[in-house]
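Here the structure comes first, spelled out in structure tokens, and everything after it is commentary.
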Amino acid sequence: MEKTVRVRFAPSPTGALHIGGVRTALFNYLFAKKHKGQFLIRIEDTDQTRFVPGAEAYIIKALEWCGIVADESPLVGGPCAPYRQSERKPMYAQYAYRMVEEGTAYYAFDTEQELDEMREKLKAARVASPQYNAITRMQMKNSLTLPEEEVKARLASGDPYVIRIKMPRKEEVRLNDLVRGWVVVHTSTLDDKVLLKSDGMPTYHLANVVDDYLMKITHVIRGEEWLPSAPLHVLLYKYLGWEAQMPQFAHLPLLLRPDGNGKLSKRDGDRLGFPVFPMDWQDPFNPEDKASGYREAGYFPDAFINFLALLGWNPGTTQEIFTMEELTQAFSIERINKAGIKFDIDKAKWYNQHYLRQKPDNELAIYLTNELEKQQINCSLEKAAKIVSLMKERAIFLADIWSEAQYLFFAPSSYDEKAASKWSNEASIVLEDYAQQLIRATDSISSEQAKQILHDCTEKLQMKIGKAMPALRLALTGHAAGPDLMEIISLLGAKEATSRIKTALANFEKMLG
RNA sequence: GCGCCGUUCAUCUAGGGGUUAGGAUGCCACCCUUUCACGGUGGAAACACGGGUUCGAUUCCCGUACGGCGUACCA
């Protein structure tokens with residue numbers, strides 16, 4: 001008797017998809033997959049004034065990058081097509097009219113100014129919440145206050161109107177949220193929300209309920225910002241006679257700003273130094289509106305998803321690393337938290353570092369050679385794989401590997417100052433000798449050979465190898481720290497290594513006078 | 001203002017009437033190491049406050065504080 005699980009992610013194409021939205025989509029997706037149900041994407045574009053071209057494509061592409069692919073969507077279609085509310089426009093009005101006929105909604109003819117005036121007046125009278133509600137609607141221009149003939153005349157003459165829900169004056173609305181338990185709201189605190197706008201489009205509230213019903217949605221998993229209007233939605237299901245088909249609700253805790261107040265928003269990202277969007281975004285008609293994304297910042301989609309999944313949800317075990325498959329197995333709504341989450345980018349970095357280390361070298365090598373090609377540097381995949389295995393332990397992002405690897409292709413143009421200041425005469429002596437020996441070796445020297453030669457030198461000169469290493473590293477790379485030096489020499493080749501040592505020697509001779 | 005939701009280390013969190021309140025990130029120390037990192041070991045670090053209920057409350061209830069969301073012909 002259990003219905004097939006059907007959930008939807010219903011973004012509004014008003015811009016880039018926020019990271020919180022990605023998480024909402026993810027939770028929906030995981031829930032659907034866990035229960036072998038369907039995950040659909042529905043575009044909520046009922047507000048034509050806020051439509052942003054490219055936003056829908058961005059949203060779908062971003063989710064795809066994350067590995068979240070919809071079973072039904074405007075792109076792939078499905079049994080409940082179309083999946084854009086703008087294309088479903090003709091379907092909504094009938095339900096609003098039905099409610100008017102049945103007395104649970106009414107026509108309202110008030111102009112914007114009249115509404116403003118009403119609010120001003122109520123504010124002046126210090127009414128707690130200036131709303132269009134059971135009390136104030138009797139002072140407004142609507143089918144409840146106007147004579148029937150006038151209403152008819154206005155409708156016939158094409159007077160602009162909206163349809164509002166007739167919110168009952170004293171009633172308790174209750175819903176059993178899967179995350180929060182019973183939530184009870186009194187209708188006296190709710191207002192007569194607009195259901196159908198004067199342009200004939202439904203508002204979110206109507207469209208959302210109608211579509212969820214028509215699309216046979218079983219669970220509505222959405223952000224907590226919707227909790228206050230959930231009772232309104234419950235009422236709509238009731239008035240439309242769909243109570244039995246009403247989906248279950250689960251309101252997710254919000255992603256909050258790391259530095260204190262408010263929910264994570266668009267602008268926080270670049271201000272606080274981390275992306276809030278999955279991919280780079282630029283509004284085609286408003287180039288000012290742009291933001292950086294996780295993809296371009298070097299995050300792996302699997303790391304990103306893993307990180308997101310554990311924001312507000314946990315498996316109840318100490319496991320923290322999950323593939324998408326493991327997530328779908330482990331996911332359950334019962335283990336979603338109630339409290340908001342302060343966003344912490346450090347954890348995301350840790351995940352990325354972890355995933356980077358797990359990636360096979362030959363896979364990462366492809367990226368490296370691509371980067372190198374951009375600089376006209378030829379490098380075999382084999383060599384690139386070696387470089388990667390050497391560098392990846394100390395990297396968080398792929399780009400770290402590249403920036404670290406620079407010195408394997410370019411001789412240092414400057415030296416780390418602190419390390420350079422420690423350069424000594426002894427260092428010069430060993431390196432002088434080492435260079436002499438190294439030049440005699442074959443160019444394709446192994447790290448073992450390089451090490452052997454260095455040992456021979458230091459032994460002969462009765463010097464500690466630890467003395468020579470920092471100077472050698474400085475000469476070879478210009479840096480004070482890095483991966484195994486002997487491996488670096490092997491990668492560089494004996495010839496290049498010798499040449500760099502000689503250059504360094506010459507440079508530091510001047511310095512030492 | 002009003003309504004709703006929330007509150008365990010700095011952060012993400014486990015737990016739940018009797019626990020040395022557990023893990024992870026970050027931070028610190030030590031070990032490993034030529035250095036840095038990785039890894040390993042260890043450390044500092046939390047139940048918002050006040051009342052109840054109870055033999056006992058961080059856990060249950062009520063307040064307060066603080067925070068979040070909502071309060072549009074936006075979603």
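If you take the square roots of the eigenvalues of the alpha-carbon gyration tensor of the range A:393-513 and sort them as a ≥ b ≥ c, do you get rounded (a/c under 1.5), prolate (a/b over b/c) or oblate?
Oblate, because a/c is 1.5 or more while a/b does not exceed b/c.
Two decimals, Cα atoms only, Kirkwood Rh: what is Rg/Rh over the range A:105-204?
Working: Rg = 15.5 Å, Rh = 15.0 Å.
The Rg/Rh ratio comes out at 1.03.
Which log10 I(q)/I(0) values, to two decimals, does the range A:78-142 give at q = 0.13, 0.21, 0.27 Å⁻¹ under the Debye formula with one point per Cα?
Log10 of I(q)/I(0), two decimals: -0.56, -0.90, -1.11.
Pick out, from A:Ser73, A:Gln113, A:Pro275, the residue whose Cα sits farthest towards the positive end of the charge dipole of chain A, with +1 on the Cβ of Lys and Arg and -1 on the Cβ of Asp and Glu.
The one lying farthest along the dipole's positive direction is A:Gln113.
Rounded to the nearest percent, how much of the accessible area of the range A:188-305 (1.4 Å probe, protein heavy atoms only) is carbon and sulfur? Spell out each step's value before the answer.
On the way: 2420 of 4680 Å².
Its accessible area is 52 percent carbon and sulfur atoms.
Under unit Cβ charges (Lys, Arg +1; Asp, Glu -1), what dipole magnitude, rounded to 20 debye, does the range A:1-139 have relative to its Cα centre?
620
Only four residue types carry charge here, +1 at the Cβ of Lys and Arg and -1 at the Cβ of Asp and Glu. Report the dipole size of the range A:375-506 about the Cα centre in Debye, rounded to the nearest 20.
For the range A:375-506, the charge dipole is close to 120 debye.
Report in % the part of the accessible area of the range A:36-179 that belongs to carbon and sulfur, leaving out ligands and nucleic acids; probe 1.4 Å.
C and S atoms contribute 51 percent here.
I'd like the distance separating the alpha-carbon centroids of the range A:296-350 and the range A:17-74, in whole Å.
18
Looking at chain A only, what percent of DSSP beta bridges run antiparallel? Nearest 5 please.
55
When you count, for each residue, the other Cβ atoms within 10 Å and take the mean per peptide, how do A:418-427, A:247-256, A:478-487 rank with the highest first?
Numbers: A:418-427: 14.4, A:247-256: 20.8, A:478-487: 16.7.
Going from most to least packed, we get A:247-256, A:478-487, A:418-427.
Rounded to the nearest 0.05, what FRET efficiency is calculated for A:Ala125 and A:Glu373 with R0 set to 60 Å and r the Cβ-Cβ distance? Show your work: numbers first, answer last.
On the way: r = 72 Å, r/R0 = 1.20.
Rounded to the nearest 0.05, the efficiency is 0.25.
Taking a ≥ b ≥ c as the square roots of the eigenvalues of the Cα gyration tensor of the range A:256-381, is the shape rounded (a/c under 1.5), prolate (a/b larger than b/c) or oblate?
Oblate.
Once you have the Cα-Cα distance between A:Glu426 and A:Asp280, take 0.36 nm times their residue separation minus that, and quote the gain in nm to one decimal.
47.4 nm
With +1 on each Lys and Arg Cβ and -1 on each Asp and Glu Cβ, how big is the dipole of chain A about its Cα centre, in debye rounded to the nearest 20?
Roughly 820 debye for chain A.
Give the share of C-alpha pairs in each 10 angstrom bin for chain A, from 0 to the last occupied bin, in whole percents, shortest bins first.
3, 15, 20, 18, 13, 10, 8, 6, 4, 2, 0, 0
For labels at A:Lys266 and A:Thr318 in the simple 7 Å Cα→Cβ model, what's the distance in nm?
For the pair A:Lys266/A:Thr318, the computed spacing is 4.4 nm.
Identify, among A:Trp226, A:Val52, A:Tyr407, the residue whose Cα sits farthest towards the positive end of the charge dipole of chain A, taking +1 on the Cβ of Lys and Arg and -1 on the Cβ of Asp and Glu, with the dipole about the Cα centre.
Selected residue: A:Trp226.
Residues of the range A:313-371: accessible area per residue at 1.4 Å, in Å²?
Per residue, the range A:313-371 has an accessible area of 54 Å².
Can you compute the modelled spin-label distance between A:Lys34 and A:Asp443, with each label point 7 Å from Cα toward Cβ, in nm?
Distance between the two pseudo-spin positions: 6.0 nm.
Once you wrap a convex hull around the alpha carbon atoms of the range A:41-150, what is its projected area averaged over all directions, in nm²?
Mean orientational projected area (the range A:41-150, Cα hull): 10.8 nm².
Considering the range A:307-380, what Rg and Dmax in Å follow from its alpha-carbon atoms?
17.6, 54
Give the calculated FRET efficiency between A:Glu363 and A:Lys510 to the nearest 0.05, with a Förster radius of 56 Å applied to their Cβ-Cβ distance.
Efficiency at R0 = 56 Å is approximately 0.80.
Compute the length gained on full extension between A:Ser86 and A:His479: take 0.36 nm times their separation in residues and subtract their Cα-Cα distance, giving the result in nm to one decimal.
Full extension from A:Ser86 to A:His479 adds 135.6 nm.
The values are calculated or read from the model by the stated rules, or taken from the named source; none is laboratory data. None of these values were measured; they are calculated from a predicted model. Cβ atoms come from the backbone with ideal geometry, glycine included; neighbour counts cover every protein chain shown. Surface areas here come from the heavy atoms of the whole protein model, side chains and all, with no ligands, DNA or RNA. Shrake-Rupley method; radii C 1.70, N 1.55, O 1.52, S 1.80 Å.
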